[in-house]
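The values are calculated or read from the model by the stated rules, or taken from the named source; none is laboratory data. Keep in mind the model is a prediction, meaning the values are calculated, not measured. Cβ placement follows ideal geometry from the backbone for every residue including glycine, while neighbour counts extend to all protein chains displayed. Just so you know, the surface numbers come from the protein's heavy atoms only, side chains and all, with ligands and any DNA or RNA stripped out. Shrake-Rupley method; radii C 1.70, N 1.55, O 1.52, S 1.80 Å.
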Amino acid sequence: MTGSLLLAGCQASGSPAPRRATSSGTEGGSAHPLFTEITAEVGLNLTVEPWPDGTFFLPEVMGPGVAVFDYDNDGDLDILQVRMPPPGQPKAPAPSRLFQQQADGKFLDVTSRSGLSNVVYGQGVAIGDVDNDGDLDVYFANYGPDVFYLNNGDGTFTEATARAGFRGDLWSSSAAFCDYDRDGYLDLFVAHYLRLTPKAYCVSPTGEHGYCGPRDFDGVPDTLYRNNGDGTFTDVSEKAGIKYPDGGKTAKGLGVICMDLTGDGWPDIYVANDGEANNLWVNQHDGTFKEEGILRGTAVDRDGVPTASMGVTAGDVNGDGLLDLFMTNLARENNSLFRGATGGLFRDFTTESGMTQDDLPTTGFGCGFFDYDHDGGLDLAVVNGRVKRGPALPAARLGEFWNHGDNSLRVFRNDAPKEGRHWLLVRAMTGRRDALGAQITVSAGGRKHLRPVLAAYSYMSSNDPRAHFGLGDADRVEGLEVLWPDGRRQRFPSGSVDRELTIREGDGEAP
């Protein structure tokens, strides 16, 4: 199996490192390319609008995201691009774009005929089947009112924001669907950023006009919506304990994942905050949460200092059967790796990871674990951006003001050597929808590999929730066990490798 790495704006969903790949896509001193850009080949080298210099309006350097999902249930992954208006035109329409994958691997713009068009200031996106009908629905997190679309199952969508009960116009960043109360319906967590004063004027240390930072503004509380099971949602943030107490400090959320991080079988919510302590909302099994980031070691770095976190992802990097957390941070702050420990605790393993020499000068946005060479070890992709002006980097394409970012997409094909190595791709289903939040463990070749079933991770994005396993030279799966989102564990028959496997809750056996 091969794969692709999709980049959009300042974020990514996908692949390599801790092995270091050069900017040309080679590893170490090898001339063999790990990834080859195929944007033009797949029809996504689109003409974009001229990109003017920035106006120091903060959202210009913050997004947007992208979703990779099968919107029409034809078995191929499609691409939804969230877009933002050009600088100086914050109220100009910037409709999202939906690209349908064709049989030949190319992409066709089907935005108009699909009816899926988020025309406000786009930031993030969440994908999930909210009504359990087998079709994936779409939630846009925006600077301004969010927008929700129901999938009609015929290649079209219907805007249903008010009907579903979503309301408010806070600056939303990332969002995640998950069944936090284990009632069989996907709920929604929306991370909000800050309360922006649009005409705020900030200067750089050298006295030049520059972009304001998050510390110049107040944060706003995040939102938890409970799915009522009838097509409507209720804001239960305060009841669930997500909102901070009166007088408490609200954080500035940018990245979010939702799954069991404490080992009790109930989904928790982790929020990467910009310049504030990160939040770990621990599920109390009764519809409420307690914030335990400091207690469990995921709030600040080993020196007790909050970082400017952006994207976040989860995976078992050392094969101990426990999930680890990785998040991207601002330049001059190393990206963070929190390694899972027993008892639902975490340890800052950033220095020991060996990545600090590479990421200290850069500002990370998107991130994702992915075994790009099928050797059984999780690799890591980090996509960098910039939030302040500076000298143009060698790869700059947009002049000195911008180094990257103009509503364009880039797609890279995985060409890493994988001869003699095997793989398995597992889709975990509960009823007619993906079992978001499940955890799958595959035993092969004397090793155990844990992979989470996640769509919402990285930065303002949604990804393919199928669990991908590189198996090295193991040519047979010896065991497959699933922890389902409702806390039930099941084993499934072992079998051959190099294939896609679909498993369904209820079809397995008790371990």
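Using Cβ point charges alone (K and R +1, D and E -1), the dipole size of the stretch 184-255 about the Cα centre works out to roughly 140 debye. With contributions of -39500 (n - 2.57) from each DSSP H run of at least four residues, the per-residue ellipticity at 222 nm computed over the chain stands at -500 deg cm²/dmol. Can you give the local net charge around G340? Use residues other than it whose beta-carbon is closer than 15 angstrom to its beta-carbon, Lys and Arg +1, Asp and Glu -1. So the environment of G340 carries a net charge of -4. For the stretch 60-217, the share of accessible area belonging to carbon and sulfur comes to 51 percent (1.4 Å probe, ligands and nucleic acids excluded). Its Cα centre serving as origin, the chain has a Cβ charge dipole (Lys and Arg +1, Asp and Glu -1) of approximately 880 debye. Taking all protein chains as shown and a probe of 1.4 angstrom, H285 keeps an accessible surface of around 90 Å². In order along the stretch 427-436, the Karplus-derived 3J(HN,Hα) couplings, from 6.51 cos²θ - 1.76 cosθ + 1.60 at θ = phi - 60°, round to 9, 9, 10, 10, x, 9, 10, 5, 7, 4 Hz, and Gly and Pro are given as x.
Per-peptide packing, taken as the mean over residues of other Cβ atoms within 10 Å, places 349-357, 233-241, 428-436 in the sequence 428-436, 233-241, 349-357 from highest down. In terms of its C-alpha gyration tensor, the stretch 85-208 has an oblate overall shape, because the principal axis ratio a/c (a ≥ b ≥ c, square roots of the eigenvalues) is not below 1.5 and a/b does not outweigh b/c. Only lysine pairs 8 or more places apart or on separate chains count here, and in the chain those with Cα atoms under 27 Å apart total 17.
Where (1) 11; (2) 32; (3) 17 are the candidate values, the label of the one calculated here for percent of Cα pairs over 42 Å apart is (1).
Legend: residues S117, S112, sorted from most to least accessible area (1.4 Å probe; ligands, DNA and RNA excluded), read S112, S117. DSSP bridge analysis restricted to the chain gives an antiparallel fraction near 95%, rounded to the nearest 5. Relative to the compact-globule estimate of 2.2 N^0.38 Å, the Cα radius of gyration of the stretch 335-389 comes out at 1.33.
In terms of packing, defined here as the mean over residues of other Cβ atoms within 10 angstrom, the peptides 66-73, 163-170, 362-369 line up highest first as 362-369, 66-73, 163-170. The alpha-carbon atoms of the stretch 246-313 define a convex hull whose volume equals 96 cubic angstrom per residue.
Computed over neighbours whose Cβ is under 13 Å from that of N463, the net charge equals -2, Lys and Arg +1, Asp and Glu -1.
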